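J.: Please see the structure below; I have some questions.
The values are calculated or read from the model by the stated rules, or taken from the named source; none is laboratory data. Owing to the predicted nature of the structure, the values given are computational and were not obtained by experimental measurement. Please note: Cβ atoms are built from the backbone with ideal geometry, for glycine as well, and neighbour counts cover all protein chains shown. Accessible surface is based on the protein model in full, side chains and every heavy atom, while ligands, DNA and RNA are left aside. Shrake-Rupley method; radii C 1.70, N 1.55, O 1.52, S 1.80 Å.
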Amino acid sequence: MAIKISPSVLSADLADLKKDIKRIEESGADRIHFDVMDGIFVDNISFGIPVLKSVSECTDMFLDVHLMIIDPLKYIDAFVDAGADMITFHAESESDISATIEKILSRGIGAGLTIRPKTPVEVMFPYLSKLSNALVMSVEPGFGGQGFIAETMSKVTALRKEIDRNGYKCQVQVDGGINAETAKIAIAAGADDLVSGSYLFKAPDMEKVVEGLRLPD
Ligand code: DX5
Ligand code: ZN
């Protein structure tokens, strides 16, 4: 399967987001990753529904929304109305997991589930048949620019095995600390979608580094 690259706009110039969306479009990346933080589920506040709406109005790219918020179920309709193409939420949030997945699916978009680095991967197994995305956080959620936690890669391999054994359609995504080196590790572990923020936005030529992440030598 071709590896997808999903730049995280958390590392974009938020005062000139249109310019950075254009940079992502021209880089050949596959999707835009949109990190929503509420200051309660994680110790940071990012951006939310109105910003997603503005982004969706200025691009046709697939919008992959990662909710790091305490009650995702409450906000599914608002994020779908604002243009989300897929919504991934945390198993450790306070919303009921099944009800949240059903709500996302009832709106006709893909559902994703994710776990913090310390949460056992088996928590995700009962839901994989309904999911489009199983996201393994390779940093503690909340901030861009952190170091990759290599120990989390055993979860990627476990998910890959479980998904392939059952013939599920779910992709395995890795988010946090992805660069040219760690991309190799994540792909070898079985990832098929890599989120990258600080590494991609720091690069003078985003197209070159996107290609490098997809095809690590
Ligand atoms: C962290 C976010 C990530 C983050 C990745 O909570 O979910 O998507 O933006 O940024 P880098 O690639 O800089 O670790
Ligand atoms: Zn993210």
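J.: Rg and Dmax of the chain, using alpha carbons, in Å: what are they?
T.: Radius of gyration, then largest Cα-Cα span, for the chain: 15.7, 45 Å.
J.: How would you classify segment 89-200 from its alpha-carbon gyration tensor, with a ≥ b ≥ c the square roots of the eigenvalues: rounded for a/c under 1.5, else prolate if a/b is greater than b/c, otherwise oblate?
T.: Because a/c hits 1.5 or more and a/b exceeds b/c, segment 89-200 counts as prolate.
J.: Could you look at the chain and say what percent of its accessible area is carbon and sulfur, using a 1.4 Å probe and all protein chains?
T.: Solvent-exposed carbon and sulfur of the chain make up 53 percent of the total.
J.: Let a ≥ b ≥ c be the square roots of the eigenvalues of the Cα gyration tensor of segment 38-112; is it rounded (a/c under 1.5), or, if not, prolate (a/b larger than b/c) or oblate?
T.: Note, shape of segment 38-112 comes out oblate.
J.: Also: Once amide H atoms are placed 1.01 Å from N in the peptide plane, what residues at a sequence separation of 5 or more from residue 62, or on another chain, have their amide H within under 5 Å of its amide H?
T.: Those lying under 5 Å, H to H, from residue 62 are 32.
J.: Excluding residues fewer than 8 places away in the same chain, name every one of the lysines whose C-alpha is closer than 16 Å to that of residue 202.
T.: By straight Cα distance, residue 202 reaches 19, 22.
J.: Counting DSSP beta bridges in the chain, what percent are antiparallel, to the nearest 5?
T.: Just about 5 percent of them are antiparallel.
J.: Rolling a 1.4 Å sphere over the protein heavy atoms, what is the accessible area per residue of the chain, to the nearest Å²?
T.: 43
J.: For segment 1-130, what is the percent of antiparallel DSSP beta bridges, rounded to the nearest 5?
T.: 5
J.: If you don't mind, there's one more thing I want to ask. Note down the relative contact order for the chain as a percent, whole number, built from C-alpha pairs under 8 angstrom at least six residues apart.
T.: Result for the chain is 21 percent.
J.: Still on this structure, please answer the following. Residue 106 to residue 215: extension gain in nm, 0.36 nm per residue of separation minus the Cα-Cα distance?
T.: Here the segment from residue 106 to residue 215 would lengthen by 35.7 nm.
J.: Only sites in a loop by DSSP and with at most 12 other Cβ atoms within 10 Å count here; which trypsin sites (Lys or Arg not before Pro) in segment 141-185 make the cut?
T.: 169
J.: Which of the lysines could a cross-linker span from residue 169 if the Cα-Cα distance has to be under 26 Å and same-chain partners fewer than 8 positions apart are dropped?
T.: 4, 103, 118, 130, 155, 161, 184
J.: Let me ask something additional. Using the eigenvalues of the Cα gyration tensor, what equivalent ellipsoid semi-axes result for segment 1-70 when each is taken as the square root of five times the eigenvalue, whole Å, largest first?
T.: In descending order the semi-axes read 21, 15, 10 Å.
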